[in-house]
Amino acid sequence: MARGRPYIFYIFLFLSTLSIAVHAIEPVPEHGDVQFPLGGPDGGSSVDTHSDHQDEDGNDSQKYVDEAIKILKTIRPPSTQSKRKDTTSYYISTFLYYLQRTLDVLFIANVPTQEEPVGGDSRSAPVHMSKPLSDAVHLLSKAIPAKNPDALYLMAEMNFYGNWSHPRNSATAFGFYRELASLTGNSTAQNMVAFMYATGYGGIIQKDQSKALLYHTFAALGGNTRSEMTLAYRYHAGISTPRNCEEAAFFYKRVADKAIDYYRSGPPGGYYLPRNNHRIVDELGGTYGAGASFGHTGRVAKRSSEQSSLSIMDDIIEYLLLLSNKGELSATQQLAKLYYDGPRGLSRDLRKARDLYFQLAKKMWTKDGKEIKDPSDIVIDVASKAAGYLGRMYLRGEAVPQDYALARRWFARGLKYADTISQHGMAYLYENGLAGLDKNMDKATKLYKTSAEEDYGPAQVAIGKIFYNRGEYGVANKWFELATRHGEVEAYYYLAEINNQGNGRERSCGMATLYFKHVSEKVEALQAPLEWAHRAYKNGVRESAVLGFMMAAEQGYESGQSNVAFLLDEQKSRFPLDWWRLRRNDGVEQELALMYWTRSAKQQNIDSYVKMGDYYLAGVGTEPDTEKAAACYIAASEFQQSAQALWNLGWMHENGIGVEQDYHLAKRYYDQALETNTEAYLPVFLSLLKLRARSFWNTISGGKINAIGSDPEPRKRVTVSEWMKRWFSDEKPQYTHNKPGEVPEADEHGAGQDGGDKSQHGDPGNDYYGEEGGEDEFVENMLILGTMLALAVLVFVRNQRQQRQQRQQGQQGPNGQAQGHGARAGGAGNAAPGFDPRNPAFGVPPPAGL
């Protein structure tokens, strides 16, 4: 044993050295500018640590800032290429990452946490800055004592985001942001302070939704787009404030107005809008995996063509390339359209689209513009579409120089063969008088309408705008609604305006808010950090991805809410495949995850409802509450949407957790789970096997739990007309014991399905009913009805007689009263006829003593 100790010591020393080396070769955080940040941690200084500097006047401090900016512009950002899983560097970096985590736990570092102390001490790697960055920070630090706003802003951004690869420190950034917000009312600083109060990011402060709402209000009134959108979502969802549709519509409209102005400021037809508003779990088969998540199983999976196509996009491109190389023109056209549109899962490549469209156009037109003789139908079809796209690319300047004359030439070629894109493009030229054409709204309207009738989205928006400007809001509304099927952002904006102003219809604040929200979220480039967050996630920078998705989540993006909740979620599986990986189990992260699962669920994310139930059931991020868990599962299982929720409800009813223990209901939920998703056969089969065993034991042992039984036959509701028909008929379905449509078995006389009198089919004793019996029954029914009618007439006559007598007595009342008083005065002992309080006919109780 003594000889083995030096080897153990050497192994320990080697692993410790390797851990330090892994930290040393940790990649430098990615560079990002002020709007799209990235970065790493810092142990930097706060505002109060610069007391040793002498106060500088405004001019000197601004000189320091200008010099620092010049230095920062010389810093070359690191590479931002994604780490693809099919590269060797990806596997090496992944190995080093997990090796670092393991060695940290075993030898050097503490368990990682999301929190940072309020004092500003960093929880992460030591500070390391390049010489130019260090010089720039030193110059900015000299300008801070003079309260220079630019210096405060730059230091806050660098410490929070890690711009120019500056190490990150959330506590220091919060101090700079708060001082800048108090000093100048900077809307960006107010937005960042509000964000930290809303999320408690970094653990530097406690969450305070009231302060977050206050700072967001100041920032929104100052014109900060992100705070406007956050404030609108809070009023829309009722977060830390009562729901207020008018306020939500007001702030969403402000964002939508900016969004539509940005969209229209681009080339003809508007800017191309990137589509990063999607959930990262869709690429993984859903929150619970491909076999259990809503939207990836059962009937819903057949409708999720977009989600299912993500995993096979590479296969689709490869297949189309193969067909295109074989000369399939339709495959070439589809491939060019994919490159031009850039759907999810495929980067947009305008150059490839341009080359393919030119390749198709050459099949129809020569270099001098002459058509080939006798082209086939497939050539005419693909070439005319190519002409339309080439005209659009020249009109917008995409992968080619912008040239209206060439755009007109290509549009004219496609217009000859009724291409919808060419019709729309030529109409745009007529409407604006471009490419040597005179303005002609009649021709433009005609072409727009022709293209719109062929279901081309931009043309439907254009014709809708024409009717909208004429005041024909009903017709315009129809075209805008058709255009929304193609995702046209302007169509959503005009529908929002129609509903908000009540043009041609009753005003609807709720619909206007939803449409304005859609417009605001669709123009991501204006305010959303989704593109940066997705890039950080693909690069493996988890902390930056969480930050970006969290910012989008606060602005109301459902995808951001589900993404940040998924990244913070450590409850993905009871038996995870990466069981050896270190789990954070951070209470702050768990609480944030539950908060964002809840907000995502309120925006109709079914899997988020199930996740909420899991958190309440296990007490993750909150106190255990089985009743709330059951309520979440019920909300997710409405209309049999989530098989996972249905199975969970079956398990809860089986064990009596959060709901009444009921084996029969448990079986029903298990059956519904299997009906919703046939892939749940094995877990449902095993659960039913155990459930039947427990129900059998409960029955033989005299247990009080409702056992598994057959469902009762639903009773058919009988209408009044059916009841009257049965009353007068000779059929007696109320006496039969056979089910509807069921034929009785053969009796002792041999009458069965094929024998005997058909009138005998029914219950035992039906042999007493024959033709004569039917006539007697009809006579009996008529006698009963006649008797009832006679009784009703007698009652009516009696009531009429009583009312007549009461009226006569009322007329004789005054004379009777006079005679009565005179008799009493004369000493007579008999009372005169008239009013008698003891007579119940007058409705007055007798006096006491009588």
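The values are calculated or read from the model by the stated rules, or taken from the named source; none is laboratory data. Given the structure is predicted, the values throughout are model-derived calculations rather than measurements. Here the Cβ is made from the backbone with ideal geometry for all residues, glycine too, and neighbour counts use every protein chain on show.
Please work out which one of (1) of a type in the set (A, V, I, L, M); (2) surrounded by fewer than 22 Cβ atoms within 10 Å (Cβ to Cβ); (3) assigned by TED's automatic domain parsing to the domain that holds Ile71 is the condition Ala173 fails and give its number.
Unmet for Ala173, out of (1) of a type in the set (A, V, I, L, M); (2) surrounded by fewer than 22 Cβ atoms within 10 Å (Cβ to Cβ); (3) assigned by TED's automatic domain parsing to the domain that holds Ile71: (2).
In this structure, does Asp455 turn out to be assigned by TED's automatic domain parsing to the domain that holds Lys362 and within 30 Å of Ile372 (Cα to Cα)?
Working: assigned by TED's automatic domain parsing to the domain that holds Lys362: no; within 30 Å of Ile372 (Cα to Cα): yes.
No, not satisfied.
Condition test on Asp711, is it within 30 Å of Gly291 (Cβ to Cβ) and at pLDDT below 70?
Here the answer is yes, as Asp711 does meet what is asked.
Please find, among Leu335, Leu360, Leu356, the residue that is without any contact (Cβ under 8 Å) to a residue 24 or more places away in the chain and either part of a helix (DSSP H, G or I) or of a type in the set (Gly, Ala, Ser) (or both).
On the way: Leu360 fails: without any contact (Cβ under 8 Å) to a residue 24 or more places away in the chain; Leu356 fails: without any contact (Cβ under 8 Å) to a residue 24 or more places away in the chain.
Sole residue among the options that is without any contact (Cβ under 8 Å) to a residue 24 or more places away in the chain and either part of a helix (DSSP H, G or I) or of a type in the set (Gly, Ala, Ser) (or both): Leu335.
Being more than 37 Å from the chain's Cα centre (by Cα) and surrounded by 13 or more Cβ atoms within 10 Å (Cβ to Cβ) is the filter here; which residues of the range 686-705 pass it?
Listed by number, the residues that qualify are Arg692, Arg694, Ser695, Phe696, Asn698, Thr699, Gly703, Ile705.
Keeping to the range 494-517, report how many residues are hydroxyl-bearing (Ser, Thr, Tyr), outside any loop (DSSP other than H, G, I, E, B) and closer than 18 Å to His236 by Cα.
Going residue by residue through the range 494-517, those that are hydroxyl-bearing (Ser, Thr, Tyr) are 494, 508, 513, 515.
Filter again for outside any loop (DSSP other than H, G, I, E, B), leaving 494, 513, 515.
Checking which are closer than 18 Å to His236 by Cα leaves us with 513, 515.
The total comes to 2.
Using the structure shown, decide if Arg392 is surrounded by 14 or more Cβ atoms within 10 Å (Cβ to Cβ), within 30 Å of Asp314 (Cα to Cα), touching a Phe, Trp or Tyr at 6+ places or on another chain (Cβ under 9 Å) and of a type in the set (Lys, Arg). First the steps, then the outcome.
Values: surrounded by 14 or more Cβ atoms within 10 Å (Cβ to Cβ): yes; within 30 Å of Asp314 (Cα to Cα): yes; touching a Phe, Trp or Tyr at 6+ places or on another chain (Cβ under 9 Å): yes; of a type in the set (Lys, Arg): yes.
So Arg392 passes the test.
What helices (runs of 4 or more DSSP H) completely inside the range 187-258 contain at least 2 residues that are out of contact with any Pro (no Cβ under 9 Å at 6 or more places or on another chain) and more than 20 Å from Glu558 (Cα to Cα)?
Values: elements: 187-199, 209-221, 225-237.
Ranges flagged: 187-199, 209-221.
What number of residues in the range 143-170 are more than 16 Å from Tyr64 (Cα to Cα), charged (D, E, K, R) and part of a loop (DSSP other than H, G, I, E, B)?
1
Quick grid of which residues meet (1) touching a residue at least 12 places away in the same chain (Cβ under 8 Å); (2) buried (at least 17 other Cβ atoms within 10 Å of the Cβ); (3) hydroxyl-bearing (Ser, Thr, Tyr); (4) farther than 18 Å from Leu447 by Cα:
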{"position": "Val461", "(1), (2), (3), (4)": "yes, yes, no, no"}
{"position": "Val475", "(1), (2), (3), (4)": "no, no, no, no"}
{"position": "Phe480", "(1), (2), (3), (4)": "yes, yes, no, no"}
{"position": "Thr484", "(1), (2), (3), (4)": "no, yes, yes, yes"}
{"position": "Tyr492", "(1), (2), (3), (4)": "yes, yes, yes, yes"}
{"position": "Leu495", "(1), (2), (3), (4)": "yes, yes, no, yes"}
{"position": "Asn500", "(1), (2), (3), (4)": "yes, yes, no, yes"}
{"position": "Arg507", "(1), (2), (3), (4)": "no, no, no, yes"}
{"position": "Gly510", "(1), (2), (3), (4)": "yes, no, no, yes"}
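Being buried (at least 21 other Cβ atoms within 10 Å of the Cβ) and β-branched (Val, Ile, Thr) is true for just one of Thr199, Thr184, Thr188. Which residue is that?
Thr199 is the lone residue from the list that is buried (at least 21 other Cβ atoms within 10 Å of the Cβ) and β-branched (Val, Ile, Thr).
Give the range 530-560 a look and list any residue that's within 15 Å of the chain's Cα centre (by Cα) and not in a loop (DSSP other than H, G, I, E, B), or say none. Step through it out loud before you land on a result.
Step one: of the range 530-560, the residues within 15 Å of the chain's Cα centre (by Cα) are 549, 552-560.
Those that are within 15 Å of the chain's Cα centre (by Cα) and not in a loop (DSSP other than H, G, I, E, B): Phe549, Ala552, Ala553, Glu554, Glu558, Ser559, Gly560.
Any residue in the range 153-180 that is among the basic types (Lys, Arg) sitting within a Cβ distance under 7 Å of a residue that is not in a helix (DSSP H, G or I)? List the pairs, counting only those 6 or more apart or interchain.
Arg168/Gly39; Arg168/Gly40; Arg168/Pro41; Arg168/Asp42; Arg168/Gly162
Table: residues versus (1) surrounded by fewer than 19 Cβ atoms within 10 Å (Cβ to Cβ); (2) aromatic (Phe, Trp, Tyr); (3) out of contact with any helix residue (DSSP H, G or I) (no Cβ under 6 Å at 6 or more places or on another chain).
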| residue | (1), (2), (3) |
| --- | --- |
| Glu247 | yes, no, no |
| Tyr252 | no, yes, no |
| Ala256 | no, no, no |
| Pro268 | yes, no, no |
| Tyr271 | yes, yes, no |
| Ile280 | yes, no, no |
| Leu284 | yes, no, yes |
| Thr287 | no, no, no |
| Ala290 | yes, no, yes |
